[in-house]
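Here is the structure we will look at.
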Amino acid sequence: MNGLFAADYFDGLTSRRRAVEVVVVGDRIGLRGSELSLDFRQRDLRPRPRVGSAPLDIELPNGGLLVAPYDDVASFIPIPPLASLADRLERRMAVVLTALAGLAVAVFLVYSRGIPWLADVAADRLPPQVEADIAREGLAFLDANVFRASHLPAARRAGLQDRLGQLAAAEGMPVPRMEFRFGGFIGPNALALPGGVVVVTDQLAEILDDEGMTAVLAHELGHLRHRHGTRRILQASFAGLFTAAIFGDVSGGTLAATVPAVFLYTGYARDLERDADAFAFDLLRRTGRSPRLLASALQRLQDDVDRRRPKDALARPSRTGYLASHPLTGERIEAAERAAVR
Amino acid sequence: MTENFAFTGKAREYFRVWIVNLFLTVATLGLYSPWAKVRRKRYLHGHTWLAGSNFDYHGDPWAILRGRLVAVAAFLLYTTTAHFSPRAGAAVLLVLMPAVPWLILRSFAFNAANTSWRHLRFGFEGRYSGALRAIAPFALAPLATLLLPLPEVAGRPTLRNTALLAAPGVLFGLAYPYARARLAMLHIGGSRYAGEAFRARVGVGSFYGIYIKAFFVMFAFGALMGIATALLGTLVARRVQAPELLDVAIIVAYVVILATAMGYTQARTANLLMNATRLGGLGLRSKLSAKKLMSLYIGNVLAISATLGLAVPWAVVRTLRYRAACLGMEGDGALDAFAAPRGARAVSATGEELGEVFALDLSL
């Protein structure tokens with residue numbers, strides 16, 4: 001199509017901007033300005049992909065650049081469709097809405113299914129030695145910063161180790177090593193470290209009787225059975241990588257992206273706790289006990305917290321101890337009751 | 001002559017670019033991200049104007065992809081080893097450290113070489129030794145941490161041990177303004193447009209002044225936010241049994257405080273650096289208001305948090321609009337008179353070649 005439009009021309013040698021008129025005749029174009037007259041074949045022009053409402057840049061065979069409003073150019077010169085695929089997607093409302101919905105679904109699926117699945121696969125391929133190293137380093141860190149030596153009587157320790165041994169035997173897994181510590185500020189607590197170590201604090205063993213401890217140990221055994229410690233570490237790594245991959249391009253957004261990330265991590269932790277509870281209910285039943293045992297153990301811990309802080313203004317669950325690191329006490333008690341009547 | 005910068009991007013328009021980018025990135029498991037980066041930078045550059053002409057970005061997505069794959073590998077190596085063993089993590093960091101000055105130079109060079117205005121490229125040249133000197137103070141804090149007998153010191157909270165534990169943090173705080181100033185001068189001093197070199201001379205002392213003030217601003221603001229959060233948290237937590245709400249309030253408060261500090265330091269350092277920058281017979285003029293930028297950033301993080309990230313394009317656009325409006329060029333020289341270095345044809349691929357090995361965006 002023949003026609004005429006105004007443009008800027010840059011020769012690529014200086015920063016001088018030259019206003020030109022572009023004359024389109026057949027398959028040729030001519031640039032006309034003061035002391036300037038250039039002619040090219042249309043098929044030698046290389047338009048760069050369009051973005052937003054910025055003018056169109058056309059690279060010329062002489063190394064120069066022609067810059068003009070997109071619509072002026074497009075009405076005379078055909079623009080190859082492949083050069084502006086992303087642009088055409090962005091301009092379609094349907095595409096934008098689909099992307100938005102697809103993104104919501106994809107992000108949900110990646111976080112709820114993809115990352116846990118990936119963590120499982122990786123955890124199963126991890127050499128046992130690595131897990132043992134994690135446990136050793138983790139315990140050494142806690143010993144240095146949190147724990148003190150246990151003053152639990154040797155007979156009680158042996159009794160608890162014995163109960164853990166029975167549970168492990170019923171499940172057919174190797175008996176985990178048991179460590180006793182005075183818990184310091186983490187209070188009454190039990191931890192399952194990757195690679196088969198269960199740590200119990202004196203405070204926990206003092207609040208719960210042997211049957212209550214059995215329920216808690218069954219729960220911790222569930223963490224070990226399903227390698228939750230390792231999976232949690234791997235999940236955190238993968239989630240961080242994924243978040244960096246999609247939000248890495250967002251300057252300033254990375255900061256605010258920490259807000260949803262907190263929900264994510266607590267979400268994963270809860271899933272693992274539910275998982276370990278389900279394992280504990282099953283194991284308790286198989287060893288001739290009731291899942292209700294875990295419910296009453298949790299209730300005793302809750303009562304202990306309430307007794308200790310009768311005038312807690314916030315009426316919130318304790319910030320430390322077993323109940324804080326194993327969230328959703330009420331829900332867990334209910335689940336145990338449900339499992340008991342089944 | 002006086003010419004002002006202007007950013008003409010629109011939030012609606014940029015949202016479309018952003019959401020399509022994000023979707024394609026997730027749908028391709030991150031492989032599209034280099035193309036997304038190029039598209040995003042082309043949008044932002046293409047809507048930034050000076051003297052009737054806009055900027056452009058020419059990064060090669062394939063070069064960026066190669067750089068990202070290396071970066072992801074390094075990140076994986078570090079996070080996994082650091083999670084499994086702090087000692088091994090520190091060892092990996094020590095090995096990676098000598099590469100950091102080089103990475104910084106590559107990143108500056110890649111971004112400059114792929115930015116153009118009026119069909120002439122920017123460029124960057126810097127020496128490894130210069131970059132090393134600029135960031136060397138950053139190594140003080142990690143080195144001090146490594147030297148501390150951690151289990152022993154952390155075990156007993158005596159006055160001496162507490163002081164020892166705080167030492168790396170204090171060292172970092174003392175080194176930070178110096179390193180930032182040197183790095184900024186390295187960046188500006190090594191940059192050029194066409195054949196012309198940028199020049200900037202700023203006293204490191206004025207950087208210290210800014211960061212000390214920022215510390216007090218942050219402290220005052222932090223105290224204010226802390227009181228507000230505690231009051232609000234108590235009120236809300238009494239009514240509904242939701243401990244997460246308080247956690248979220250604390251995080252939002254934390255992010256807002258960070259945004260305040262960022263707004264303050266960025267406005268002040270940008271003014272200081274830009275007003276000291278010259279290109280040929282021209283000088284940059286920056287008139288950012290710390291108050292305005294702070295409130296802009298606070299609005300941004302609140303909006304982004306409340307929309308789970310969907311407000312990011314809006315935040316980016318309004319921030320750039322303000323920053324561009326506060327920046328200008330003035331002086332006796334002419335913007336028309338810059339000439340390409342001899343022998344270099346403007347659209348040649350020198351930029352891509354430079355960045356081919358490593359295309360890290362360090363956003364320093």
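The values are calculated or read from the model by the stated rules, or taken from the named source; none is laboratory data. Because the structure is predicted, anything quoted here is derived from the model rather than measured. Please note: Cβ atoms are built from the backbone with ideal geometry, for glycine as well, and neighbour counts cover all protein chains shown.
Before moving on, here are some points about what is shown:
- Looking only at residues of segment B:217-235 that are more than 22 Å from B:Leu293 (Cβ to Cβ) and more than 10 Å from chain A (Cβ to nearest Cβ), we find that the one that is modelled with the highest pLDDT is B:Ile227.
- Positions within segment B:26-45 being at the interface with another protein chain (Cβ under 8 Å from one of its Cβ atoms) and either under 21 Å from the mean Cα position of the chain (by Cα) or modelled with pLDDT of 85 or more (or both), in sequence order: B:Ser33, B:Trp35, B:Ala36, B:Lys37, B:Arg39, B:Arg40, B:Arg42, B:Tyr43
- Evaluating B:Ala71 against the criteria (1) outside any helix (DSSP H, G or I); (2) buried (at least 17 other Cβ atoms within 10 Å of the Cβ); (3) more than 9 Å from every other protein chain (Cβ to nearest Cβ) leaves one unmet condition, (1).
Each row is one residue, and each column tells you yes or no for (1) among the small types (Gly, Ala, Ser); (2) within 14 Å of chain A (Cβ to nearest Cβ); (3) crowded, with 17+ Cβ neighbours inside 10 Å; (4) in contact (Cβ under 8 Å) with a residue 24 or more places away in the chain.
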position: B:Ala88; (1), (2), (3), (4): yes, yes, yes, no
position: B:Ala99; (1), (2), (3), (4): yes, no, no, no
position: B:Trp102; (1), (2), (3), (4): no, no, no, yes
position: B:Leu105; (1), (2), (3), (4): no, no, yes, yes
position: B:Ala109; (1), (2), (3), (4): yes, no, yes, yes
position: B:Asn114; (1), (2), (3), (4): no, yes, yes, yes
position: B:Phe124; (1), (2), (3), (4): no, no, yes, yes
position: B:Arg127; (1), (2), (3), (4): no, no, no, no
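- Exactly one residue among B:Val301, B:Val316, B:Val357, B:Val347 is over 27 Å from A:Leu103 (Cα atoms), facing chain A (nearest Cβ under 9 Å) and either buried (at least 20 other Cβ atoms within 10 Å of the Cβ) or modelled with pLDDT under 90 (or both), and that residue is B:Val347.
- Residue match in segment B:21-39 (condition: surrounded by fewer than 21 Cβ atoms within 10 Å (Cβ to Cβ) and among the charged types (D, E, K, R)): no
- Residue check for A:Phe185: touching a Lys or Arg at 6+ places or on another chain (Cβ under 6 Å) and among the aromatic types (Phe, Trp, Tyr): no
- Taking segment B:84-128 as the range and being in contact with a helix residue (DSSP H, G or I) (Cβ under 8 Å, 6 or more places away or on another chain) and hydroxyl-bearing (Ser, Thr, Tyr) as the test, the residues that pass are B:Ser85, B:Thr115, B:Tyr128.
- Residue list for segment A:274-291, filter: surrounded by 18 or more Cβ atoms within 10 Å (Cβ to Cβ) and not in a loop (DSSP other than H, G, I, E, B): A:Ala276, A:Asp277, A:Phe279, A:Ala280, A:Phe281, A:Leu283, A:Leu284
- Wholly within segment A:9-112, strands (runs of 3 or more DSSP E) carrying at least 1 residues that are among the basic types (Lys, Arg): A:18-25, A:28-33, A:36-41
- Identity of the residue in segment B:1-20, in contact with a helix residue (DSSP H, G or I) (Cβ under 7 Å, 6 or more places away or on another chain) and among the basic types (Lys, Arg), that ends up surrounded by the fewest Cβ atoms within 10 Å (Cβ to Cβ): B:Lys10
- For segment A:19-69, a tally of residues being closer than 20 Å to B:Lys41 by Cβ and away from chain B (no Cβ under 14 Å) returns 0.
- In segment A:127-143, the residues that are more than 8 Å from chain B (Cβ to nearest Cβ) and closer than 16 Å to A:Ala190 by Cα reach residues that are modelled with pLDDT under 80 and in a loop (DSSP other than H, G, I, E, B) with C-beta atoms within less than 6 angstrom, at least six apart or across chains, in these pairs: A:Ala135/A:Gly195.
- Residue in segment A:234-250 that is at pLDDT 85 or above and not in a helix (DSSP H, G or I) present: no
- Qualifying residue in segment B:256-274 (condition: of a type in the set (Val, Ile, Thr) and closer than 30 Å to B:Val20 by Cα): yes
- Hits in segment A:46-75 (condition: more than 24 Å from B:Val317 (Cβ to Cβ) and buried (at least 18 other Cβ atoms within 10 Å of the Cβ)): A:Pro47, A:Ile58, A:Glu59, A:Leu60, A:Gly64, A:Leu65, A:Leu66, A:Ala68, A:Val73
- Of all residues in segment B:53-66 being out of contact with any strand residue (DSSP E or B) (no Cβ under 8 Å at 6 or more places or on another chain) and in a loop (DSSP other than H, G, I, E, B), the one that is surrounded by the fewest Cβ atoms within 10 Å (Cβ to Cβ): B:Asp60
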